[in-house]
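Reading through the structure tokens given below for one structure.
The values are calculated or read from the model by the stated rules, or taken from the named source; none is laboratory data. In this text, all values refer to a predicted model and were calculated from it rather than measured experimentally. A quick note on method: Cβ atoms are made from the backbone with ideal geometry, for glycine too, and the neighbour counts reach across all protein chains shown. Ligands, DNA and RNA are stripped out before the accessible areas are found, and what is left, the full protein with its side chains, is counted by its heavy atoms. Shrake-Rupley method; radii C 1.70, N 1.55, O 1.52, S 1.80 Å.
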Amino acid sequence: MGNKDKDLELLLPSIEESMDEQSEDILELRYLNKENCTFSRTPGGFVSMVFGDKIYDRVSIYRTFPFTEPDHYISVRQPDEKAREIGMVKALTDLTKDQAAMFKEQLNVRYFTPIIEKINDIKDEYGFAYFDVLTNFGSCRFTIHMGGGSVVSLTDTRLLITDLDGNRFEIPNVNKLSSMELKRLDLFI
């Protein structure tokens, strides 16, 4: 047996032990609340967290059920590309009023979804649909892929539309649209 094989043989137990610890850490569900952690705003407008003896300079906030339970089961994650979960806030009411307001602000930015109030026009060309709409934030134009699952029915009457840039738009009730607007939208529902 060569030196490399012996070195590998010596390293394997510590690698396996490290992997076991990481697996346990990933699988453990930690509920976060005002008693066991502190959230605060960073100078850049992000959220930081202190949990036990661990300080997180920045964390990311995600809704687990963004449409059905927007203020419950809020996932707190590391802000890197892996977005590994640190813990879960069962309800925003489990936080202080200031922390809950900060969470809502962060969630509103992440889940910004203008409501489409009127469809002025939809043109389709070369596999794309070009929308001209009026939202609760004003006039907007955006483009979607025709067959790419860009329009999703959340209920029988509620639609979520995602454009090429990942921006989301909502039509809360298609029955409130005019017959002309429904005719324009008919290709997608």
Notebook entry, point to check: For the range 48-82, how many residues are under 15 Å from Y111 (Cβ atoms) and of a type outside the set (F, W, Y)?
Noted result: 13
Next item on the list: Could you grab me the full set of residues in the range 97-109 that are surrounded by 13 or more Cβ atoms within 10 Å (Cβ to Cβ) and farther than 23 Å from E28 by Cβ?
Entry: A100, M102, K104, E105, Q106, L107
Notebook entry, point to check: List pairs: first in the range 174-189 and at pLDDT 85 or above, second open to solvent by less than 60 Å² (accessible area, probe 1.4 Å) and among the polar types (S, T, N, Q), Cβ under 8 Å, 6+ apart or cross-chain?
Noted result: V174/T157; N175/T157
Check: For the range 141-166, which residues satisfy the criterion of being surrounded by 14 or more Cβ atoms within 10 Å (Cβ to Cβ), farther than 17 Å from R184 by Cβ and in contact (Cβ under 8 Å) with a residue 24 or more places away in the chain?
Finding: L160
Next item on the list: With the condition kept exactly as written, say whether any residue in the range 121-140 is open to solvent by 60 Å² or more (accessible area, probe 1.4 Å), charged (D, E, K, R), more than 30 Å from S48 (Cβ to Cβ) and in a loop (DSSP other than H, G, I, E, B).
Entry: no
Next item on the list: For V76, indicate whether it is over 22 Å from T162 (Cα atoms), under 15 Å from the mean Cα position of the chain (by Cα) and either buried (at least 18 other Cβ atoms within 10 Å of the Cβ) or among the aromatic types (F, W, Y) (or both).
Entry: yes
Next item on the list: Kindly indicate the residue of the range 56-70 that is charged (D, E, K, R) and surrounded by fewer than 16 Cβ atoms within 10 Å (Cβ to Cβ) and also nearest to R158 (Cα to Cα) among those meeting that condition.
Entry: E69
Item checked: So G52, is it modelled with pLDDT of 75 or more and either within 30 Å of R158 (Cβ to Cβ) or surrounded by fewer than 15 Cβ atoms within 10 Å (Cβ to Cβ) (or both) -> yes
